[in-house]
Amino acid sequence: MTTVTDPQDRASYARDAGEKDLYVGYLAWARDTLRWKCSGLDAEQLARRHAPSDLSLGGLLKHLTVVEAGWVNLTFAGGVERPSWFAQWDPDGDEGWTFTTAAADDPADLFAWLDETQRITERIVAGADLDDLAVNPDEDGPVPLRWILLHLVQEYARHLGHADLLREAVDGSTGV
């Protein structure tokens, strides 16, 4: 399990890197920021919801893991590896299952699933070009890896704002 307890330990990205390296760098930084926001918390704290929402820090860990694996591993690469959490997934079920089921998950599993997804993503992206199209297009048609990586950066960015608020509500910790 990769933990980040100090914001200075987050992945960095070079301003002069190539396009693909920038996307991968920003994505790694976002994952590390999520790890930092969730670090040092026990199961109860990770499961704490902020009413009236179903959001919790554990739910964000699970949600972002599943979204990233869904786009890169399953949609783009066609499922080159079966994620260890995959048996829990109900494709016909509630879209919010990641938020509502995370409270029952062991915190070590939540972090391990994010690590697993990151390793798979990095292997897939390393062997692909940004213009390569997803092998399993969604209902709107095929999308290139470039779009998927930008979408993931946007998805993490959106939820990192939630993580800031959730962590502050749990124990008063703040910081970006």
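Can you give the angle from 0 to 90° between the axis of helix 19-38 and the longest principal axis of the chain, with both taken from C-alpha atoms, to the nearest 10?
In the chain, helix 19-38 runs at an angle near 20 degrees to the longest axis.
Calculate, for Glu168 and Ser53, the FRET efficiency according to 1/(1 + (r/R0)^6) with r their C-beta to C-beta distance and R0 22 Å; round to the nearest 0.05.
About 0.95, to the nearest 0.05.
With a 10 Å Cβ neighbour count serving as the proxy for reagent exposure, in which order, fewest first, do Asp106, Asp54 appear?
Neighbour counts put them in this order, fewest first: Asp106, Asp54.
Using a ≥ b ≥ c from the Cα gyration tensor of the chain (square roots of the eigenvalues), is it rounded, prolate or oblate, where a/c under 1.5 gives rounded and otherwise the larger of a/b and b/c decides, a/b for prolate?
oblate
Express in nm, to one decimal, how much length is gained between Leu130 and Ala108 on full extension, taking 0.36 nm for each residue of separation and deducting their alpha carbon distance.
Here the segment from Leu130 to Ala108 would lengthen by 4.7 nm.
Go through segment 24-121 and name the chymotrypsin sites (Phe, Trp or Tyr not before Pro) that are in a DSSP coil and have 16 or fewer other Cβ atoms within 10 Å of their Cβ.
Trp89
Please list, in chain and number order, the residues 5+ apart from Gly79 or on another chain whose amide H is under 5 Å from its amide H, with Hs placed from the backbone.
Close amide H contacts, sequence-distant or interchain: Leu74.
If you fit an axis through the alpha-carbon atoms of helix 145-171 and take the longest principal axis of the Cα set of the chain, what angle between them do you get, 0 to 90°, nearest 10?
Around 0 degrees separate the two axes.
Against the longest principal axis of the chain, how steep is helix 107-126, in degrees 0 to 90 to the nearest 10, with axes from Cα atoms?
For helix 107-126, the angle is close to 20 degrees.
Run the quick spin-label model on Asp16 and Trp89: label points 7 Å from Cα toward the beta carbon, then report their separation in nm to one decimal.
4.0
None of the figures in this text is laboratory data; all of them are computed from the coordinates on show. Only a predicted model underlies this, so the values are computations on that prediction, with no experimental measurement involved. Here Cβ is always computed from backbone atoms with ideal geometry, including for glycine, and neighbour counts include all displayed protein chains.
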